[in-house]
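Visitor: Sharing a structure below in structure tokens format, with a few things to ask.
The values are calculated or read from the model by the stated rules, or taken from the named source; none is laboratory data. Just so it is clear, the structure is predicted and the values come from calculations on it, not from any experiment. Here the Cβ is made from the backbone with ideal geometry for all residues, glycine too, and neighbour counts use every protein chain on show. Areas reflect the complete protein model, heavy atoms only, side chains present, ligands, DNA and RNA absent. Shrake-Rupley method; radii C 1.70, N 1.55, O 1.52, S 1.80 Å.
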Amino acid sequence: MSTAAVHARPEKHDTILYLDGVSVSFDGFKALNRLSLYIVAGELRAIIGPNGAGKTTMMDVVTGKTRPDAGEVFFNGGIDLTRLDEARIANLGIGRKFQKPTVFDNHTVLDNLELAIAGDRGVFASLFFRLSGEQRDRIDAVLHTISLTADSGRLAGSLSHGQKQWLEIGMLLIQDPVLLLIDEPAAGMTDAETEATAVLLKEIVKDHSVVVVEHDMAFVRSLGCPVTVLHEGHVLASGTLDAVQANQQVIEVYLGR
Amino acid sequence: MTSTRSRAPRPLAGGLLAGSGAAAATIGLLLAAAVLVPVLNLAVAADSPVHMPTWVVSLVGKYLTFALLALSVDLIWGFCGILSLGHGAFFALGGYAIGMHLMREIGGRGVYGNPLLPDFMVFLNWSELPWYWHGFDSFPFALLMVVLVPGLLAFVFGWFAFRSRVTGVYFSIISQALTFALMLAFFRNDMGFGGNNGLTDFKDVLGFDLQDDRTRAALFALTAVVLAAAYFCCRLIILSRLGKVLVAVRDAESRVRFLGYRVEYYKLFVFVFSAMLAGIAGALYVPQVGIINPSEFAPANSIEIVIWVAIGGRGTLHGAILGAILVNYLKTWFTGAIPELWLFALGGLFIAVTLLLPTGIVGLAEHLRRRRPPATGDETPHLARETAP
Amino acid sequence: MASVGTAPVSPRGPLVRPLVVAVLCLLLALLVVRPVGAQEAAADLDPLVRQLADRDFAAKITAVEALGATGDTRAVPVLDAMLTGRLAVRSADGRLVITESRGSVLLLTDPLSGAEVGEADKSAVDFIAVNNRLRGVLRGTLGGLTLLSPDAGRRREAADAVFRTRDSALLPLLERAAAREHDAGVKSRMDRALAALRALAAPDPAQRIAAVTALRNLADPEVRSLLATIAAADTDANVREAAATAQRHVEQRLALWGVLGNVFQGVSLGSVLLLAAVGLAITFGVMGVINMAHGEMVMLGAYTTYVVQDLFRTYAPGAFDFSVLVAIPSAFLVTALIGILIERSIIRFLYGRPLETLLATWGLSLVLQQAVRSIFGPSNREVGNPSWMSGALDLGVLTLTYNRIWIIVFSIAVFAALMLLIRASGFGLQMRAVTQNRRMAAAMGIRTGRVDALTFGLGSGIAGMAGVALSQIDNVSPNLGQSYIIDSFMVVVFGGVGNLWGTLVGALTLGLANKFLEPYAGAVLAKILILVAIILFIQKRPRGLFALRGRAVET
């Protein structure tokens, strides 16, 4: 992906995710301030920024948790996300991983994946749901991808922190989304786990669009993708990691003030 | 940066994972009781040491209706995390529905001998039956209302509450307000439900004398069988993917939403189902105790149900049944022997269970059986969790 | 005519009545012309009094009216005895007496002199019968007579009684009384009665219209019904129209006063709710703890008041008026200490599990209720009002009781003090810090455990002070807290958590809504309607009126 693509404002119908002039304020505090961000299909994008820059709020807006006060949010070119709730947006194909690993502690790893697997989400469909052989195969494949095959019968709550992060990514994968929003996947991981996670993400991006929010610069570097810097609710700079790290404004925001 | 979070799994799902042994035992015991108790009451001579007097049959029958009520609360609280402090209202509505049928059954045998109007209406100088009393002369219609009225109320209330994402203590408080409002309403004479005397002096059901030992034994057997069936249904729900979604909602509601589930529909389904179970419990309760009055709507009653479940073991269906029977047996014993201490005992139970026995008796038993330290982790995570960046 | 006591009661002949009436007219003329001279008329009272025993009701009425026309206040005890059924004739000698029950026998006194004339069994006297019409006349006449009483309170009552009789015969007496009246309050009541009688009976329509117009500024339900009568029944169309206009005017004023009355009642209820709920709001806002035993803290505050008053009655009965002032800090200390004890022994183990806290504190509330029941008994305890809290401020149509006024003042004071504490004190700063970010506050060196304990103590202490206030207007029983706890929850839920202004607005809104709905729906239905309204409201704003927004409050 070239740096030019990041700076240019593409046509809406070319994008997978299109945020334009989005503002959100909480009791006078502007969490997002006319934020514009465009992701095209098949892109891997890292978003960095200091605390309070609006990274998580941006994800909240995209996934329907928070309604923007102003601005446009479109998915896949033409679907207005500001009118839909979380469940609808998830079913459209936007998966989200939380900052804190959020898995179902009282369910086994297998059950966690079973709950996430694509399919009818209706109440009565769930009542009479049985896993098909094909779905079992998919679960096995994902278990293998996230290296949890041996732990599939364990309660998710008993997994290590890194394993929970992976399980959550696995749950995203088995949802088969078009776009993945991943909030700090490397948080609290060992170096080895971080490295493995980067490999995993690069694997995923082969057939998904991915937005990663991350603090860990080494991790971002290992992703080798375009970077967008958020600050005070809007985009401060975009480009390669080296380019933004050399940006005077970015340096001020991170080190100065 | 988030550090390792200390959210260890609570052993609440222990009952879920427990083999079908506990389930088979529960159903077996209930069905055995449905046969044995009537036999011990009717077929064994009164002077025999194993004879069971009718008052005991009715008392245990009452416990079983409470067990069904506890089951309904456990289903939503234990598995879905919805703490309803108004479930007594659904129980009472079911009771009123069957009570209205039993009132109509009295017919001309009331004190005032009016063939159509129940005594209290004659006493209030009413000349005709209110519209909502029509149809209750039919037993099937009354049965339908037993599940429909609580179900409908739960649907409307739940629809508003869950769609607006009223959760946690907020839900608890407004559900308490609901039952409180209903209590005030039913205390009014002009509501047409007998005011504070409620509905009583029932004569018979389907032509069987309610005072007859055989009718009472049959009601007991019916209660035990219905409880067993309800337990079975709840277990089916819990073991299905729907049940897994419910537990997931309890533990991480927003995660479930982001997986694409419409959490409010799941909550609504289980809330309505639970309200119907509570209604059935009320309908079984009223013919056995012979009265239904507005005090059944009292908020205190609804909270008491929760403690039955907590003592037995929240999130374990058989725990709810066990807890209801145990606490109510204690209540019977206390109010007979040392009535002035009962509220101390009940209040103490509330405190002790929440502080010392968060998994209830069933959880304790499982813990002892496994003979290993419980995976408690940090049991006092502060609310500040909410304020994390 | 013979003197009282010897002559048989027999003035029943057809000739007697016209004679009496003639005498009376003369008398009345004398009275109107000259100031009252009781002694001069004394001798003439006796036959009139004896005529009260006549079998014929018309004769009795004539006698009563004649007695009234004398303006002689000595007739008051006689007429009063007649009205209350204590006037009788002794069977043995036919003597008219006033009877008074003395155990099983009756004490007999002379109707005019008041001298004792012996005792008699109940069967030994014939009580003089009165009917409804006679009672009406008696009341009016008594009113007329007491118009001249030296006691302003009695004159005032008399003026109102005359107003209610609508009897134009009393007009001359009333005019005379009104002319002499010095007390402005009594004068206005007399003017009201005067205008009423004139509006009813003045011969000239113009006079009647003037009288009707004079009545239009009185916001008074009695005036309204009087005007309605005139508007319907007067013979003159102009008078009818004037009366109808005046009636509308009075109705508007009445409606205004009604609104003011509702506002006072509503603010009064709101201030009680505020006192009860504000402590709850603090513990919920700061600690996320739903304290179901909060109502019991209120109850304990009320019982503390009872104990304090009991001590005052025993050791310092003269200083009883100060008992409430001593009870306020006592109740605060007692309940705050209990609150801290509860927090340290139960609540602190349950943080982060609000539903479990709810259950544990509910259990606690049962224990506290039963403990109080065991110690003080299940029945209501008598808590007295100090003299400065008894009585009422009378604003004509509206009566504002002092205890309610003081409670409004008290709750404003408590609220202001609390605001000051939170905004301006070091402890308040720590409390706000913990509310906003517990973990960060802990990292800054704030001892969050201590803040929690003190906050819970503060919330409980305020509940205790609410109990002192409630003891002044409600029954002090072990169930006292239960009757307020659900309303308090509604206030907190409605107002929103984490903002005391929300609690204030919530409490006042609920209080006012209750009192404005009550006249239309009745107390119970009003309560139901409000509960339903809040249940619907919380759908729209699940976090209340003044909810904090943003990530910080979401889980």
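Per-residue answers, yes or no, for (1) within 30 Å of A:Phe98 (Cα to Cα); (2) at pLDDT below 85; (3) in contact with a helix residue (DSSP H, G or I) (Cβ under 9 Å, 6 or more places away or on another chain); (4) open to solvent by less than 40 Å² (accessible area, probe 1.4 Å):
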site: B:Thr4; (1), (2), (3), (4): yes, yes, yes, no
site: B:Arg7; (1), (2), (3), (4): yes, yes, yes, no
site: B:Leu12; (1), (2), (3), (4): yes, yes, yes, yes
site: B:Gly21; (1), (2), (3), (4): no, yes, no, no
site: B:Ala24; (1), (2), (3), (4): no, no, no, no
site: B:Ala34; (1), (2), (3), (4): no, no, yes, yes
site: B:Val37; (1), (2), (3), (4): no, no, yes, yes
site: B:Pro53; (1), (2), (3), (4): no, no, yes, no
site: B:Gly61; (1), (2), (3), (4): no, no, yes, yes
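Visitor: Find the residue count for the stretch B:240-284, including only residues that are more than 7 Å from every other protein chain (Cβ to nearest Cβ) and open to solvent by less than 10 Å² (accessible area, probe 1.4 Å).
Guide: The number of residues fulfilling the criteria is 13.
Visitor: Being touching a residue at least 60 places away in the same chain (Cβ under 8 Å), of a type outside the set (D, E, K, R) and open to solvent by 40 Å² or more (accessible area, probe 1.4 Å) is the filter here; which residues of the stretch C:130-171 pass it?
Guide: Selection gives C:Asn131, C:Ala169.
Visitor: Do we find that B:Val57 is over 25 Å from B:Ala177 (Cα atoms), open to solvent by less than 20 Å² (accessible area, probe 1.4 Å) and at pLDDT 90 or above in this structure?
Guide: yes
Visitor: Let me ask something additional. List the helices (runs of 4 or more DSSP H) that sit entirely inside the stretch C:377-478 and contain at least 1 residues that are open to solvent by 30 Å² or more (accessible area, probe 1.4 Å) and modelled with pLDDT of 90 or more. Break it down into steps so the answer makes sense when it comes.
Guide: Working: elements: C:402-424, C:426-436, C:438-443, C:448-471.
The qualifying helices (runs of 4 or more DSSP H) are C:402-424, C:448-471.
Visitor: Have a look at B:Thr359, B:Thr380, B:Thr376 and point out the one that is at pLDDT below 90, polar (S, T, N, Q) and open to solvent by less than 50 Å² (accessible area, probe 1.4 Å).
Guide: Answer to the check: B:Thr359.
Visitor: Restricting to the stretch B:240-264, name every residue that is touching a residue at least 40 places away in the same chain (Cβ under 8 Å) and not small (Gly, Ala, Ser).
Guide: B:Leu246, B:Val247, B:Val249, B:Arg250, B:Asp251, B:Glu253, B:Val263, B:Glu264, listed by residue number.
Visitor: Now, a different point. What helices (runs of 4 or more DSSP H) lie completely within the stretch A:97-179 and have 2 or more residues being within 12 Å of chain B (Cβ to nearest Cβ)?
Guide: A:109-116, A:123-127, A:161-175
Visitor: Right, here's the next one. Answer yes or no as to whether A:Ile146 is touching a residue at least 24 places away in the same chain (Cβ under 8 Å) and closer than 20 Å to A:Lys202 by Cβ.
Guide: Criteria met by A:Ile146.
Visitor: Could you list all residues from the stretch A:203-216 that are in contact with a helix residue (DSSP H, G or I) (Cβ under 8 Å, 6 or more places away or on another chain) and within 13 Å of chain B (Cβ to nearest Cβ)?
Guide: A:Val213, A:Glu214, A:Asp216 - these are the residues of the stretch A:203-216 that are in contact with a helix residue (DSSP H, G or I) (Cβ under 8 Å, 6 or more places away or on another chain) and within 13 Å of chain B (Cβ to nearest Cβ).
Visitor: To continue, here is another question. Determine, yes or no, whether A:Gly49 is touching a residue at least 60 places away in the same chain (Cβ under 8 Å), more than 14 Å from chain C (Cβ to nearest Cβ) and open to solvent by 40 Å² or more (accessible area, probe 1.4 Å).
Guide: no
Visitor: Tell me which residues, restricted to the stretch B:311-322, are open to solvent by less than 10 Å² (accessible area, probe 1.4 Å) and closer than 19 Å to B:Gly86 by Cβ.
Guide: Hit for the stretch B:311-322 is B:Ala320, nothing else.
Visitor: Let me ask something else. Would you tally the residues in the stretch C:333-367 being open to solvent by 20 Å² or more (accessible area, probe 1.4 Å), under 37 Å from the mean Cα position of the chain (by Cα) and either over 20 Å from C:Ser483 (Cβ atoms) or more than 8 Å from chain B (Cβ to nearest Cβ) (or both)?
Guide: Total satisfying the criteria: 4.
Visitor: Hey, another quick one. Among the candidates C:Val397, C:Val434, which residue alone is away from every other protein chain (no Cβ under 14 Å), farther than 26 Å from B:Ser302 by Cβ and of a type in the set (Val, Ile, Thr)?
Guide: On the way: C:Val434 fails: away from every other protein chain (no Cβ under 14 Å).
None of the others qualify; the one that does is C:Val397.
Visitor: Scan the stretch A:53-85 residue by residue and report those that are open to solvent by less than 10 Å² (accessible area, probe 1.4 Å) and part of a helix (DSSP H, G or I).
Guide: Selection gives A:Thr57, A:Met58, A:Met59, A:Asp60, A:Val61, A:Val62, A:Leu81.
Visitor: OK, next. Hey, does the stretch B:136-152 have a residue that's within 14 Å of chain C (Cβ to nearest Cβ), surrounded by fewer than 24 Cβ atoms within 10 Å (Cβ to Cβ), touching a residue at least 60 places away in the same chain (Cβ under 8 Å) and among the aliphatic types (A, V, I, L, M)? Show your work before the answer.
Guide: As a first pass, look at the stretch B:136-152 and keep what is within 14 Å of chain C (Cβ to nearest Cβ): none.
The answer is no; no qualifying residue exists.
Visitor: Being assigned to a loop (DSSP other than H, G, I, E, B), within 30 Å of C:Thr335 (Cβ to Cβ), out of contact with any Asp or Glu (no Cβ under 8 Å at 6 or more places or on another chain) and touching a residue at least 12 places away in the same chain (Cβ under 8 Å), is that true of even one residue in the stretch C:292-303?
Guide: Taking every residue of the stretch C:292-303 in turn, at least one turns out to be assigned to a loop (DSSP other than H, G, I, E, B), within 30 Å of C:Thr335 (Cβ to Cβ), out of contact with any Asp or Glu (no Cβ under 8 Å at 6 or more places or on another chain) and touching a residue at least 12 places away in the same chain (Cβ under 8 Å).
The rows are residues; the columns are (1) without any contact (Cβ under 8 Å) to a residue 24 or more places away in the chain; (2) touching a Phe, Trp or Tyr at 6+ places or on another chain (Cβ under 9 Å); (3) not assigned by TED's automatic domain parsing to the domain that holds C:Val397.
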position: C:Arg208; (1), (2), (3): no, no, yes
position: C:Ala211; (1), (2), (3): yes, no, yes
position: C:Asn217; (1), (2), (3): no, no, yes
position: C:Pro221; (1), (2), (3): no, no, yes
position: C:Leu226; (1), (2), (3): no, yes, yes
position: C:Ala231; (1), (2), (3): yes, no, yes
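Visitor: What number of residues in the stretch C:102-120 are open to solvent by 20 Å² or more (accessible area, probe 1.4 Å) and modelled with pLDDT of 85 or more?
Guide: Of the residues in that region, 1 qualify.
Visitor: A further question follows. Taking the stretch A:185-202, which residues are out of contact with any Lys or Arg (no Cβ under 7 Å at 6 or more places or on another chain) and within 14 Å of another protein chain (Cβ to nearest Cβ)? Full working, then the answer.
Guide: So in the stretch A:185-202, the residues out of contact with any Lys or Arg (no Cβ under 7 Å at 6 or more places or on another chain) come out as A:186-202.
Selection gives A:Ala186, A:Ala187, A:Gly188, A:Met189, A:Thr190, A:Glu193, A:Thr194.
Visitor: Would you confirm, using the coordinates I've provided, whether C:Leu170 is within 23 Å of C:Leu79 (Cα to Cα) and in a helix (DSSP H, G or I)? Outline the logic, then answer.
Guide: Details: within 23 Å of C:Leu79 (Cα to Cα): yes; in a helix (DSSP H, G or I): yes.
Here the answer is yes, as C:Leu170 does meet what is asked.
Visitor: Within 14 Å of chain C (Cβ to nearest Cβ) and either aromatic (Phe, Trp, Tyr) or surrounded by fewer than 24 Cβ atoms within 10 Å (Cβ to Cβ) (or both), is that true of B:Trp126?
Guide: no
Visitor: If you scan the stretch B:75-115, which residues turn out to be touching a Leu at 6+ places or on another chain (Cβ under 6 Å) and either without any contact (Cβ under 8 Å) to a residue 24 or more places away in the chain or under 19 Å from B:Val309 (Cα atoms) (or both)?
Guide: Matches in the stretch B:75-115: B:Trp77, B:Phe79, B:Cys80, B:Leu83, B:Gly86, B:Ala89, B:Phe91.
Visitor: Looking at (1) closer than 15 Å to A:Arg96 by Cβ; (2) open to solvent by 30 Å² or more (accessible area, probe 1.4 Å); (3) not hydrophobic (A, V, I, L, M, F, W, C), can you tell me which one A:Pro177 breaks?
Guide: The one condition A:Pro177 does not meet is (2).
Visitor: If the requirement is being away from chain C (no Cβ under 14 Å) and in contact (Cβ under 8 Å) with a residue 24 or more places away in the chain, which of these qualifies: A:Leu81, A:Leu92?
Guide: Of A:Leu81, A:Leu92, the one residue that is away from chain C (no Cβ under 14 Å) and in contact (Cβ under 8 Å) with a residue 24 or more places away in the chain is A:Leu92.
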